[in-house]
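Here the structure is laid out as structure tokens; the discussion comes afterwards.
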Amino acid sequence: MPSTYAVAGLITRLHDPQYARWASQIRRTGGCRQPIHLRGHVHHLDPATGQRLHTYSTTGEPDGILRVPCKTRRTSRCPACAETYRSDTYQLIRAGLIGGKGVPDSVTAHPCLFVTLTAPSFGTVHTRREKNGTVLPCHARRDAATCPHGRVMSCTARHGADESRLGEPLCPDCYDYAGSVLFNAMSPELWRRFTEALRRRVAKLARLTLRELREQATISFAKVAEYQRRGVVHFHAVIRVDGPDGPASPPPAWATADALADAVRHAASAVTVTVPEAPDEPARAFQWGAQLDVRQITMDGELTEQAVAAYIAKYATKAAECVGTLDRRINPLDDLTAFDLRDHARRLIAECLHLGALDELADLRLVHWAHMLGFRGHFSTKSRRYSTTLGKLRAARTEHVRGEQVTTGRLPLFDKDTVLVISHWEYAGQGFSVGDALLSAALTGRPLPSLPALGGGA
């Protein structure tokens, strides 16, 4: 039930003479949960005469500010902006599979695989397993061993899909928390070495040098990182072979899906990355986990381009929320017991803070990325020639909005290349007051955020 204060704020906004303009701003943010407040102006000048052709200033806007979307990719922070990011990622991935957005349709004939690279085991965790639609016991063992801490390493429960115990270790004291967060920290480097090993293996199979390979073929990819419930990342990737000029050129005859799959399996098993020794921590060499999934993408089979694009786009908007951690940075002085965290997530964060304080591991920035359980890479990346870019998709959207503004008379019609644009913007806040949040939810049909997310509004 809204508080009296929230209702009073809502009524005040509704009676504001500039309410219509405020509502227009809110609709233009697409239902952003935490819009950015900007204060400033834009001048369009004739470069030859200095004549001012058009001026925009926020002084005439409600509260003297312009509200723009926060553009976060995280669903946990802003579902509306995350949906835009997801849609763009979907178009980017799909264009690299069937063409469009500057990629020719002939790309559908190029060898293309969907690859999942997993993390190694750091201890037995509760899991949900199914066979022919029947949920199996978690870890049923007749002669289950007892760990050094007195726990029987067996679980006969048939876990539900949303059960909180999923991903938590059977014995937290046996679980390798240090290994888990260090693998997350090193996984971007392990991926980089995998891509290099993949190119070397493809060249070897074709009996070419790396230079000769570049003259005949290009290996392109797009990947996304996904957190498992146990708190480690694994990567889903689309890997494609093109000709030397990218998707516009056909791959050589020797570049088949089977040859690419062979190279992927070899590269995944061949690469390692080492973490140096630190006090009370031995040097570690990490490899990909034993579970490697390599499947060919087809246009009409079980694994279609739509399914792959949707799968990757979905995880591009998520982070470590499924593990029960926070979606903001953690201060080393924070009291972790004060946060509503699963014990497993709290231990992973504490391990990041502990290892991050060691000089030998300072370059991993584990304290800075403790809320991400050590992972510090980009969630969604692609090679340069895979397809279009998010920047180009956003630029096209911006140009579309500008065309609408010209059509409705909010901007004059002139050639952008012949006009000098001078702008000045400053940050003036973020989010909504409680009353504005209620009204925004009603205007956009977006769910109301929780109270802690409502601060900072004008």
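The values are calculated or read from the model by the stated rules, or taken from the named source; none is laboratory data. Keep in mind the model is a prediction, meaning the values are calculated, not measured. So basically every Cβ, Gly included, is an ideal-geometry build from the backbone, and we count neighbours across all protein chains shown. Accessible surface is based on the protein model in full, side chains and every heavy atom, while ligands, DNA and RNA are left aside. Shrake-Rupley method; radii C 1.70, N 1.55, O 1.52, S 1.80 Å.
Odds and ends about this structure:
- Restricting ARG86, ARG74 to those that are crowded, with 20+ Cβ neighbours inside 10 Å and in contact with a helix residue (DSSP H, G or I) (Cβ under 7 Å, 6 or more places away or on another chain) reduces the list to ARG86.
- Scanning segment 266-288 for residues that are loosely packed, with under 15 Cβ neighbours inside 10 Å and outside any strand (DSSP E or B) yields a count of 8.
- Selected residue [modelled with pLDDT under 90 and either touching a Leu at 6+ places or on another chain (Cβ under 6 Å) or open to solvent by 50 Å² or more (accessible area, probe 1.4 Å) (or both)] from SER423, SER450, SER387: SER450
- Answer from ASP173, ASP162 - the residue that is within 30 Å of ASP363 (Cβ to Cβ), loosely packed, with under 15 Cβ neighbours inside 10 Å and free of Cβ contacts under 8 Å to residues at least 40 places away in the same chain: ASP173
- Pick from segment 110-143, criterion farther than 30 Å from GLY301 by Cβ and among the hydrophobic types (A, V, I, L, M, F, W, C), ranking: most open to solvent (accessible area, probe 1.4 Å): ALA140
- So ASP242, is it of a type in the set (Asp, Glu) and either at pLDDT below 95 or open to solvent by 20 Å² or more (accessible area, probe 1.4 Å) (or both): no
- Scanning segment 41-63 for residues that are open to solvent by less than 40 Å² (accessible area, probe 1.4 Å) and either of a type in the set (S, T, N, Q) or without any contact (Cβ under 8 Å) to a residue 40 or more places away in the chain (or both) yields one hit, THR58.
- In summary, PRO2 fulfils each of the numbered conditions (1) over 21 Å from VAL224 (Cα atoms); (2) in contact with a helix residue (DSSP H, G or I) (Cβ under 8 Å, 6 or more places away or on another chain); (3) at pLDDT 90 or above; (4) of a type outside the set (Phe, Trp, Tyr) with the single exception of condition (3).
- Any chance ILE330 is open to solvent by less than 80 Å² (accessible area, probe 1.4 Å), assigned to a helix (DSSP H, G or I) and of a type in the set (A, V, I, L, M): no
- Only one entry of THR156, THR146, THR195 meets the criterion of being polar (S, T, N, Q), open to solvent by 80 Å² or more (accessible area, probe 1.4 Å) and more than 30 Å from ASP340 (Cα to Cα), and that entry is THR146.
- Pairs, first assigned to a helix (DSSP H, G or I) in segment 209-223, second of a type in the set (A, V, I, L, M), C-beta under 6 Å, six or more apart: LEU210/ALA203; LEU213/ALA203
- All of THR75, THR55, THR84 fail the test of being of a type in the set (S, T, N, Q) and under 17 Å from ARG28 (Cβ atoms), apart from THR84.
- Residue check for ALA396: small (Gly, Ala, Ser), loosely packed, with under 14 Cβ neighbours inside 10 Å and under 18 Å from ASP88 (Cβ atoms): yes
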